[in-house]
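Everything below concerns the one structure shown next.
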Amino acid sequence: MGNTETSAKLELELRRGAVVLAALSQLQAPRYGYELRQALAAKGMPIEEGTLYPLLRRLETQGWLQSEWKIEDGPPRRYYALNAQGRKLLKQLTASWHGINAAMNRLLEDEA
């Protein structure tokens with residue numbers, strides 16, 4: 001395994017946890033999958049469909065999201081939003097993120 005491949009795998013690992021928090025942060029109001037992808041990409045966090053849709057289903061199965069099908073102008077769409085437990089999780093993960101981010105900034109200051 002070469003350096004480039006190893007580096008790419010490590011970057012993917014680093015990104016995985018951030019993707020969950022990123023998705024949760026944008027589901028405080030109901031959104032359907034494509035709309036969520038667009039919102040995340042617009043803020044610098046593009047996510048592939050093959051990553052996003054399984055993540056949404058998993059988070060719903062785990063009890064953090066609620067979903068419902070809606071038919072508006074166009075095809076039926078499944079809208080996802082945080083439920084009460086999901087809002088608590090978002091607060092908890094956000095606090096953890098800020099703590100980890102602050103610690104990493106201190107650790108990496110010496111590396112700059």
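Here are some notes:
- Selection from region 94-112 of residues that are in a helix (DSSP H, G or I) and either within 19 Å of Leu36 (Cα to Cα) or acidic (Asp, Glu) (or both): Thr94, Glu109
- Residue within region 16-27 that is modelled with pLDDT of 95 or more, polar (S, T, N, Q), surrounded by 10 or more Cβ atoms within 10 Å (Cβ to Cβ) and closer than 22 Å to Ala84 by Cα present: yes
- Against the list (1) at pLDDT 95 or above; (2) among the acidic types (Asp, Glu); (3) more than 20 Å from Pro30 (Cα to Cα), the condition Glu68 fails is (3).
- Any hit, region 30-47, residues being in contact with a strand residue (DSSP E or B) (Cβ under 8 Å, 6 or more places away or on another chain), of a type in the set (A, V, I, L, M), within 15 Å of Gln85 (Cα to Cα) and part of a helix (DSSP H, G or I): no
- Per-region count, region 89-105, residues more than 12 Å from Leu21 (Cα to Cα) and either touching a residue at least 24 places away in the same chain (Cβ under 8 Å) or surrounded by 11 or more Cβ atoms within 10 Å (Cβ to Cβ) (or both): 1
- Taking every residue in region 53-79 that is part of a loop (DSSP other than H, G, I, E, B) and pairing it with any residue that is among the charged types (D, E, K, R), at least 6 positions away or on another chain, the pairs with Cβ-Cβ distances below 8 Å are Ile71/Arg77; Pro76/Lys70.
- Pairs, first on the phi < 0 side of the Ramachandran plot in region 6-19, second modelled with pLDDT of 85 or more, C-beta under 7 Å, six or more apart: Val19/Ile47; Val19/Thr51; Val19/Leu55
The values are calculated or read from the model by the stated rules, or taken from the named source; none is laboratory data. Please read these numbers as outputs of a predicted model, since none were measured by experiment. Reconstructed Cβ throughout: ideal geometry from the backbone, glycine too, with neighbour counts over all protein chains shown.
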